[in-house]
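Worksheet for the structure shown next.
The values are calculated or read from the model by the stated rules, or taken from the named source; none is laboratory data. All values derive from a computational prediction rather than experimental measurement. Cβ placement follows ideal geometry from the backbone for every residue including glycine, while neighbour counts extend to all protein chains displayed. Side chains are part of the model used for accessible areas, which takes the heavy atoms of the whole protein and leaves out ligands, DNA and RNA. Shrake-Rupley method; radii C 1.70, N 1.55, O 1.52, S 1.80 Å.
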Amino acid sequence: MKLDRYPTPRRIKQTPNWREAKELSNKFLEEKSTNQSKKKVAIIGGGLSGLACAKYLSDAGHEPVVYEARNVLGGKVSAWQDKDGDWIETGLHIFFGAYPNMMNLFEELDIEDRLQWKKHQMTFAMQELPGQFTSFQFPANVPAPFNMAMAILSNTEMLTLEEKVKMVPGLLPMLLEGQSFIDDQDELSVLEFMRKYGMPERINEEIFIAMGKALDFTDPDKLSMSVILTAMNRFINEADGSQTAFIDGNQPDRLCKPMVDHIEFRGGKVHTGKPIAEIKVNSETLSVEGLELTDGSLVEADYYISAMPVDVIKKMIPKQWSTMPYFAQLKELEGIPVINLQIWFDRKLTSVDGLCFSRSPLLSVYADMSTCCEEYASDDASMLELVFAPCTPQVGADRNWIAASDEEIIEATLLELERLFPTEIGAAAGDRAAEVTKSTVVRVPRSVYATTPGRNKFRPSQDSPIDNFVMAGDFASQKFLGSMEGAVLSGKLAAEVVCDRAASRPTKGIQSVHESITSQQLEEKDPVGVRGDFPIAFGGGQQGSGQTVDHP
């Protein structure tokens with residue numbers, strides 16, 4: 001099957017964010033030419049943040065060594081093959097034009113052609129019209145923010161003109177004040193923000209519920225408005241910011257492997273199956289003396305970088321560090337649950353070539369990968385990949401779906417798919433109904449950090465109070481929240497800290513810790529450590545049964 005391909009959006013390389021990302025990339029290359037002292041840097045975690053950090057350190061002439069606990073790389077974008085050779089993915093991962101550091105990374109690795117760009121539109125299922133969809137179409141060659149305005153105004157099926165006008169008072173300050181306004185809204189939930197600015201409830205029902213679930217797997221009453229505004233700010237201000245792309249195959253081969261090849265060609269190393277048992281600390285200086293692996297070996301380096309998920313690094317904080325406000329603030333951050341589904345059908349469904357907002361109480365977004373992705377392309381059968389969210393009561397679900405059986409989750413999903421595909425799935429389709437041939441359920445009980453109101457102030461800087469320890473990970477402070485872009489940027493910023501310290505230059509400094517933490521009487525705590533050797537223990541995704549389910 002030959003898939004439609006749209007050209008790489010030309011304007012993504014013309015934005016201030018792109019130029020800023022490029023300048024940081026160039027800084028590492030310039031560093032190499034003046035680097036007088038190569039440093040060995042141990043990086044804990046082989047997700048996108050750890051790999052990006054290692055990539056840029058190797059560009060700067062240092063020697064990064066990545067230690068990944070699992071036998072697969074990628075972290076939240078990891079994937080593995082089942083007995084049939086099909087790739088089982090931790091999540092449905094979409095690339096946006098407004099991902100400048102990620103786009104720079106693709107260019108630097110010479111793999112831009114692996115991005116399959118889709119038509120510039122946002123497609124939503126019509127809630128009250130089963131089987132029908134509507135799209136916000138972004139006109140070509142129209143500059144921002146006018147292309148967004150035209151996309152919104154030209155769609156008459158989701159919001160009335162009056163409702164669109166009533167969105168303006170809340171969005172105008174974002175356009176005029178920028179990031180400072182966005183940051184100030186972090187204490188408000190989406191619903192609280194809407195009420196403050198007099199937005200009609202239907203805007204939430206038609207737009208924000210779908211956006212909230214797609215961006216952070218959370219319903220709007222429990223989601224910080226800064227998340228919505230961060231995305232909208234990029235989409236409004238960057239003409240191609242909301243255009244989406246799929247990578248042309250599985251993430252381990254098509255993205256992680258080129259990163260590993262780049263790192264190792266420049267003298268770095270990437271190890272899998274190397275979990276850390278303990279961060280060993282000098283009792284006098286409090287600096288890191290080494291990393292003890294679970295096999296008893298000791299890793300020694302000049303600098304150490306944590307690129308672990310926030311829920312894992314919290315378990316590893318040494319006792320001597322536990323009373324430091326910088327580390328104590330991490331208790332205010334925790335990963336959010338999400339479930340990723342893949343369902344194979346015995347025939348080809350009528351589907352959109354791109355990401356769809358399902359508008360379902362159980363499903364966030366989905367895509368027919370047989371239509372969207374070259375490696376999975378098929379003329380004869382469909383494979384839907386779906387994000388099941390929210391999936392616990394804490395983030396808006398009606399029950400704890402993480403604890404449900406695979407069969408219950410698939411059954412509930414198929415009932416929702418009957419609404420999306422009423423003439424092709426379910427009893428109403430009769431003899432034409434598509435049958436499920438295989439399915440898989442991957443649970444991630446702690447994914448990206450939960451952006452409930454008020455979380456931003458607890459995100460740590462990459463720079464830390466420990467002279468040879470640096471923090472990476474998408475939860476660490478950077479402007480792109482928890483996402484692939486945020487992970488790559490955080491890894492770059494962590495690499496920059498090491499380069500600056502190694503060259504005896506001042507860093508950007510340690511971000512101040514909120515007074516709600518500094519005012520506490522903190523007590524020393526022994527690290528809990530990671531218990532078990534299964535994927536969830538290390539912040540990964542895991543199948544309930546460990547196998548895909550074949551359907552007769």
Kindly evaluate E63 against the criterion of being among the acidic types (D, E), farther than 29 Å from R505 by Cα and buried (at least 18 other Cβ atoms within 10 Å of the Cβ). no
Find the residue count for the stretch 26-60, including only residues that are out of contact with any Asp or Glu (no Cβ under 6 Å at 6 or more places or on another chain), crowded, with 18+ Cβ neighbours inside 10 Å and either among the aliphatic types (A, V, I, L, M) or more than 24 Å from P275 (Cβ to Cβ) (or both). 12
Every residue in the stretch 434-444 that is surrounded by fewer than 20 Cβ atoms within 10 Å (Cβ to Cβ) and either in a strand (DSSP E or B) or modelled with pLDDT under 95 (or both), please. V436, T437, K438
Within the stretch 476-488, identify whether any single residue is in a loop (DSSP other than H, G, I, E, B), more than 21 Å from the chain's Cα centre (by Cα) and at positive phi, and answer yes or no. no
Here are E68, E157: which of them is of a type outside the set (A, V, I, L, M, F, W, C), surrounded by fewer than 23 Cβ atoms within 10 Å (Cβ to Cβ) and at negative phi? E157
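Conditions tested, residue by residue: (1) exposed (fewer than 11 other Cβ atoms within 10 Å of the Cβ); (2) modelled with pLDDT of 95 or more; (3) in contact with a strand residue (DSSP E or B) (Cβ under 7 Å, 6 or more places away or on another chain).
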site	(1), (2), (3)
S504	yes, no, no
T518	no, yes, no
V530	no, no, no
G546	yes, no, no
V549	no, no, yes
P552	yes, no, no
Every pair of residues 6+ apart whose Cβ atoms lie under 6 Å, when the first sits in the stretch 474-494 and is crowded, with 24+ Cβ neighbours inside 10 Å while the second is among the hydroxyl-bearing types (S, T, Y) and not in a helix (DSSP H, G or I): F475/Y449; G482/Y449; E485/Y99
Quick check: anything in the stretch 255-262 of a type in the set (K, R) and either more than 30 Å from Y376 (Cα to Cα) or assigned to a loop (DSSP other than H, G, I, E, B) (or both)? no
Selection within the stretch 196-237 - open to solvent by 30 Å² or more (accessible area, probe 1.4 Å), assigned to a helix (DSSP H, G or I) and of a type outside the set (A, V, I, L, M, F, W, C): K196, E201, R202, E205, D221, K222, R234, N237
Scan the stretch 104-126 and give yes if some residue there is among the β-branched types (V, I, T), under 27 Å from R359 (Cβ atoms) and either in contact with a strand residue (DSSP E or B) (Cβ under 6 Å, 6 or more places away or on another chain) or open to solvent by 10 Å² or more (accessible area, probe 1.4 Å) (or both), otherwise no. yes
Enumeration of residues in the stretch 407-417 that are touching a residue at least 24 places away in the same chain (Cβ under 8 Å), open to solvent by 20 Å² or more (accessible area, probe 1.4 Å) and over 16 Å from D368 (Cβ atoms): E407
Filter the stretch 140-154 for residues that are surrounded by fewer than 16 Cβ atoms within 10 Å (Cβ to Cβ) and among the small types (G, A, S); which is nearest to L415 (Cα to Cα)? S154
Please determine whether any residue of the stretch 264-279 is under 30 Å from S512 (Cα atoms) and without any contact (Cβ under 8 Å) to a residue 12 or more places away in the chain. no
Restricting to the stretch 116-131, count the residues that are of a type outside the set (A, V, I, L, M, F, W, C), assigned to a strand (DSSP E or B) and over 23 Å from M167 (Cα atoms). 1
Based on this model, can you work out whether D431 counts as part of a loop (DSSP other than H, G, I, E, B) and open to solvent by 10 Å² or more (accessible area, probe 1.4 Å)? no
Suppose we keep only residues that are part of a loop (DSSP other than H, G, I, E, B) and open to solvent by 40 Å² or more (accessible area, probe 1.4 Å) within the stretch 268-281. Which one would you say is farthest from D526 (Cα to Cα)? T272
With the first residue restricted to the stretch 524-539 and required to be under 12 Å from V312 (Cβ atoms), and the second required to be among the polar types (S, T, N, Q) and open to solvent by 40 Å² or more (accessible area, probe 1.4 Å), Cβ contacts under 7 Å at 6 or more apart or on different chains are P535/Q542; I536/Q542
Within the set of pairs 6 or more residues apart or between chains, which connect a residue that is over 15 Å from W87 (Cα atoms) inside the stretch 363-374 to a residue that is of a type in the set (A, V, I, L, M, F, W, C) and assigned to a helix (DSSP H, G or I) with Cβ atoms less than 6 Å apart? S364/A214; V365/A214
Looking at the stretch 172-188, which of the residues that are of a type in the set (S, T, N, Q) and either open to solvent by less than 10 Å² (accessible area, probe 1.4 Å) or closer than 14 Å to A231 by Cβ (or both) is modelled with the lowest pLDDT? Q179
Could you check the stretch 2-23 and list, in sequence order, the residues that are surrounded by fewer than 13 Cβ atoms within 10 Å (Cβ to Cβ) and under 19 Å from H120 (Cα atoms)? D4, P7, R10, Q14
Given (1) in a helix (DSSP H, G or I); (2) touching a Pro at 6+ places or on another chain (Cβ under 6 Å), number of the condition P422 does not satisfy: (1)
What do you reckon, is Q137 open to solvent by 40 Å² or more (accessible area, probe 1.4 Å), within 26 Å of T244 (Cβ to Cβ) and at pLDDT 95 or above? yes
